[in-house]
Protein chains: 2
Amino acid sequence: MTYRVHIRVVPRAGLLDPQGQAVEHALAALGFEGAGDVRIGRAIELAIDARSADAAEASAREMCERLLANPVTEDYSLVVEA
Amino acid sequence: MTYRVHIRVVPRAGLLDPQGQAVEHALAALGFEGAGDVRIGRAIELAIDARSADAAEASAREMCERLLANPVTEDYSLVVEA
């Protein structure tokens with residue numbers, strides 16, 4: 001069965017995020033008040049053929065560890081949809 | 001009150017996604033079978049001060065329309081957390 005997996009990779013809390021800071025300044029320049037603590041990461045979506053949702057999740061976690069996320073500087077979370 | 005907003009911006013279905021194709025090839029080269037249809041976008045998280053969750057969502061949607069997403073080539077979705 002094919003599962004749709006949604007992965008979110010974001011810079012670890014406490015690490016500098018220059019892209020997020022640039023967006024925060026741009027939002028303020030556009031007049032948006034009350035926006036802060038902007039963090040920018042990657043949203044990855046993919047289809048995985050697997051026997052079960054658990055198998056798809058395990059496969060996706062290994063992809064994150066080996067390719068999609070940098071375990072030193074980034075955190076990831078994922079959601080598996082049938 | 002401060003709301004945490006999670007935004008996901010991905011290339012529209014049907015549009016070329018070279019970054020996604022590169023990741024798909026890299027996954028295959030690493031031996032991951034059964035992975036396909038990879039799409040790569042941006043995951044944006046920010047804090048918004050607003051009077052209600054609805055107001056925070058409206059503000060975040062306007063940010064997407066004006067700055068965070070390209071309405072011609074990208075789709076966005078968002079989730080507001082208290």
Exercise. How long is the gain from B:Ala58 to B:Asp75 if the chain were fully straight, where each residue apart is worth 0.36 nm and the alpha carbon distance is subtracted?
Worked result: 4.5 nm
For this session: Sum -39500 (n - 2.57) across every DSSP H segment of at least 4 residues in chain B, then divide by the residue count to get the 222 nm mean residue ellipticity, nearest 500.
Result: -8500 deg cm²/dmol
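Write down the accessible area per residue of chain A in Å², having rolled a 1.4 Å probe over the full set of protein chains.
On a per-residue basis, 53 Å².
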Exercise. What nm distances, shortest first, do you get from the label point of B:Ala55 to those in the other copies when the point sits 7 angstrom along Cα to Cβ?
Worked result: 5.1
Exercise. Over the heavy atoms of A:Val23, what accessible area does a 1.4 Å probe trace out, to the nearest 10 Å²?
Worked result: 30 Å²
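Within a 10 angstrom radius of each residue's Cβ in B:22-35, how many Cβ atoms of other chains show up on average? Whole number is fine.
What the average comes to for B:22-35 is 4.
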Problem set entry | Neighbourhood net charge (15 Å Cβ-Cβ; Lys/Arg +1, Asp/Glu -1) for A:Ala55 | -3
Problem set entry | Helix axis angle, B:53-63 relative to chain B longest principal axis, alpha carbon, degrees | 60 degrees
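What percentage of the solvent-accessible surface of chain A, computed with a 1.4 Å probe over protein heavy atoms, is contributed by carbon and sulfur atoms? Could you put the intermediate results ahead of the total?
Details: 2280 of 4380 Å².
Heavy-atom surface of chain A belonging to carbon and sulfur, 1.4 Å probe: 52 percent.
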Exercise. Measuring label to label, 7 Å along Cα→Cβ, what does B:Val72 give against each other copy in nm, shortest first?
Worked result: 3.9
For this session: Count, for each residue of A:44-57, the Cβ atoms from other chains sitting within 10 Å of its Cβ, then give me the mean as a whole number.
Result: 4
Problem set entry | About the Cα centre, charge dipole magnitude for the protein assembly as shown (Lys/Arg +1, Asp/Glu -1 at Cβ), debye | 120 debye
Seminar exercise, completed: In square angstrom to the nearest 100, the accessible surface buried at the A/B interface, both sides summed with a 1.4 Å probe, amounts to 2800 Å²
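The values are calculated or read from the model by the stated rules, or taken from the named source; none is laboratory data. It should be emphasised that the depicted structure is a prediction, and the values quoted were computed from it without experimental measurement. Neighbour counts are summed over all protein chains in view; Cβ atoms, including those assigned to glycine, are modelled from backbone coordinates with ideal geometry. Calculation scope for accessible area: heavy atoms of the full protein, side chains included, ligands and nucleic acids excluded. Shrake-Rupley method; radii C 1.70, N 1.55, O 1.52, S 1.80 Å.
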